[in-house]
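Reading through the structure tokens given below for one structure.
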Amino acid sequence: MLRRVLHAANAIILGNLIARAGGLILVPLFLRYWSAARYGEYLALFAAVSYLASLDIGMQGAAVNRLTQAYARKNLDEYRSVQHTALAFFIALAAAVSVCVAGLAWCLPVAHWIGLSLTPPATASIAVILLTIYVMWSMPVQVIVATYQAIGDLARTQWIRNIQQMFVVGLTALALILGAGMKTIALFQILTIALLAVFMLLDLHRKFPELSPGLSAVNFSILTELMRPSFLFALIMVGNLIAYEGSILLTSAIMGGLAVAMLSISKSLVDVLRLGIYSVSLALCPDYARLEALGEFDQLRRIHRMSLAGTAAATIAIAASLWYEGPQLITLWTRGRIDPDPILLRLFLVLMVFQTSWAVSSTVARASNRHYAQAIGYFFAAILGIGFVAALIRVLGTWAIPLGLTLGEAICCYHFVIKSTCRMIGEPYRAFALRFWFGFAVAGTAALATASIVHMMPGPLFLRCLVVGLSTLAVAASCGYLIWLTPEDRGLFIPKLRPLFDTSDI
């Protein structure tokens with residue numbers, strides 16, 4: 001299991017790196033073959049169409065979790081019914097939205113509304129239609145791709161998505177070099193989805209004919225059952241928009257563009273680290289869903305404790321390292337064009353450390369479509385947080401953003417979300433919470449003290465960052481091992497690591 005989880009986490013991390021590397025490759029090509037203004041207009045068109053992705057309303061996550069549980073119980077009738085129903089929903093949605101957008105884009109002055117001056121109206125309308133087809137028809141295709149995730153091979157699902165991303169980057173780069181315009185670029189995006197759909201249909205028919213997609217077993221009662229967890233997934237997305245997009249809009253309106261740039265740089269550095277840590281948690285989702293479906297709660301409790309201890313230790317170590325070295329890294333990253341704000345960065349690190357704990361704990365419930373506490377808690381945390389930001393921003397400036405969001409989550413998430421997870425898996429909450437938060441305080445204090453000592457050592461920045469990172473990770477992991485894990489957990493921990501050094505698969 002451990003090898004499988006690490007393979008999945010590795011694929012997810014590489015997927016994030018591929019997405020960012022694609023931007024680094026394509027931006028210079030766009031600016032070489034197109035003018036900056038024309039490239040900006042294409043981005044505006046894509047941004048406008050990208051909002052259609054929110055029409056997913058969390059249905060894909062809810063359906064994949066249900067498929068994972070059905071497959072774990074070997075209930076292929078339920079599996080086919082859920083899969084066919086989800087496909088029918090997304091196909092109907094994609095067809096309806098594509099037709100509606102095509103009619104509106106062709107009849108209405110879309111180019112004028114978006115503010116395009118260089119792109120001809122007909123070209124803009126066709127590009128909007130093609131990009132809409134790409135965004136909307138990606139949804140049913142992604143349900144098919146998630147088949148491997150449902151049967152426990154999340155790494156394969158993620159690698160298929162990674163390869164598609166690489167195809168998008170490669171075809172876009174080729175089109176730009178050949179002098180293509182917006183319509184051809186958009187067509188190439190559709191081509192990648194079509195090729196992916198054909199490959200998946202052939203591959204599943206050959207390897208798992210009993211899991212081949214279809215529409216014959218559509219059951220509208222299952223669609224109704226999926227609506228509740230999908231609504232909760234959508235609520236989390238809305239909360240995220242309120243918290244972060246709202247903060248940026250408030251900062252821009254009150255403090256101006258320079259403050260937004262400084263805020264975005266500090267937040268982006270923390271976000272990259274957060275994505276890497278969350279990747280391990282996401283890699284556990286299929287196993288969480290399978291164990292919950294089979295009622296294997298002893299193992300579920302053990303994995304929950306170990307995953308929370310591991311991610312908390314890693315997050316504390318990273319935060320302690322960047323507490324002292326982060327400002328210099330920002331200066332190096334921006335080539336001295338942005339003067340870093342150490343307090344702003346440290347407040348974002350505090351937000352990340354506390355947020356990671358409850359978010360990782362809630363993954364168990366999310367994987368089983370029982371994430372009511374997380375969805376409701378985070379939604380109200382975002383509303384409270386943005387309220388704190390609005391009240392404090394004129395006094396504290398950009399410091400108000402991480403501080404306000406942390407206060408909102410402290411009120412709505414830290415206690416309620418972790419308690420809900422413990423109740424779901426049968427973990428005694430009071431003892432668990434006392435042990436976790438005590439270990440959290442000890443590990444955080446020890447890691448910060450270690451980082452402050454190593455920070456004073458002379459030498460190049462890269463070497464110092466490496467030494468700080470390794471030393472704080474060792475200290476935080478040692479504290480977590482002794483305090484967070486039970487004696488039984490510690491007895492099983494070392495044997496769980498041995499498969500990493502074996503050549504045989506698990």
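Results, tabulated for the structure shown:
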read-out: 21 Å tail of the calculated P(r), the range 352-506, as % of Cα pairs; value: 62
read-out: Globularity ratio of the range 435-476, using Cα Rg and 2.2 N^0.38 Å; value: 1.26
read-out: Residue-normalised accessible area of the range 253-360, expressed per residue, 1.4 Å probe, Å²; value: 37
read-out: Translational D in µm²/s for the chain (Stokes-Einstein at 20 °C, 1.002 mPa s, Kirkwood Rh from C-alpha pairs); value: 87
read-out: 222 nm mean residue ellipticity, helices alone, for the chain (DSSP H n ≥ 4; -39,500 (n - 2.57); rounded to 500); value: -28500 deg cm²/dmol
read-out: Within the chain: Cβ-based charge dipole about Cα centre, in debye rounded to nearest 20 (Lys, Arg +1; Asp, Glu -1); value: 360
read-out: ASP298 versus VAL395: modelled label distance in nm, points set 7 Å from Cα along the beta carbon direction; value: 5.4
read-out: Cut-off 11 Å (backbone N to label point 7 Å along Cα→Cβ of ARG73), residues of the range 279-317; value: 293-295
read-out: Taking only Cα atoms of the range 271-347, radius of gyration then Dmax in Å; value: 17.7, 55
read-out: Surface/4 estimate of mean projected area, convex hull on alpha-carbon atoms of the range 317-400, nm²; value: 7.0
read-out: Pairs of alpha carbons in the range 278-433 whose separation is greater than 22 Å (percent); value: 49
read-out: Neighbour count of at most 16 Cβ within 10 Å plus DSSP loop: longest trypsin sites (Lys or Arg not before Pro)-free window in the chain; value: 75-334
read-out: In nm, spacing of pseudo-spin labels at ALA194 and PHE231 (7 Å Cα→C-beta vector); value: 3.9
read-out: The range 111-179 shape via C-alpha gyration tensor axes, a/c threshold 1.5; value: oblate
read-out: Sulfur and carbon atoms: percent of accessible area, the chain [1.4 Å]; value: 70
read-out: Unit Cα scatterers, Debye sum, the range 45-95: log10 I(q)/I(0) for q = 0.15, 0.18 Å⁻¹; value: -0.48, -0.62
read-out: Solvent-accessible area per residue, Å², over the range 1-104 with all protein chains present [probe radius 1.4 Å]; value: 44
read-out: The range 230-269-the range 77-121 distance, computed between alpha-carbon centres (Å); value: 27
read-out: DSSP H segments from the chain that extend 24 Å or more along their own axis, Cα-based, with Kyte-Doolittle mean of 0.0 or above; value: 2-33, 76-107, 121-145, 154-177, 182-207, 220-240, 257-283, 297-333, 342-367, 372-396, 429-455, 461-483
read-out: The range 21-162 shape via C-alpha gyration tensor axes, a/c threshold 1.5; value: oblate
read-out: Summed residue charge, Cβ within 14 Å of LEU31's Cβ, Lys/Arg positive, Asp/Glu negative; value: +1
read-out: Hits among aspartates and glutamates - C-alpha to C-alpha of LYS207 under 15 Å, sequence gap 8 or more where chains match; value: ASP153
read-out: Distance in nm between pseudo-label sites at THR486 and ASN219 (7 Å out along the Cβ direction from Cα); value: 3.6
read-out: Overall form of the range 223-362 per C-alpha gyration tensor (a/c, 1.5; a/b vs b/c); value: oblate
read-out: Along each principal axis, Cα extent of the range 222-265, largest first, Å; value: 50, 18, 9
read-out: Calculated P(r) tail over 16 Å for the range 81-201, as whole % of Cα pairs; value: 67
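The values are calculated or read from the model by the stated rules, or taken from the named source; none is laboratory data. The shown structure was predicted, so the numbers you read here are calculated from the model rather than taken from an experiment. Cβ sites come from the backbone with ideal geometry, for glycine too, and all protein chains shown count toward neighbours. What goes into the accessible areas is simple: the full protein's heavy atoms, side chains included, and nothing from ligands, DNA or RNA. Shrake-Rupley method; radii C 1.70, N 1.55, O 1.52, S 1.80 Å.
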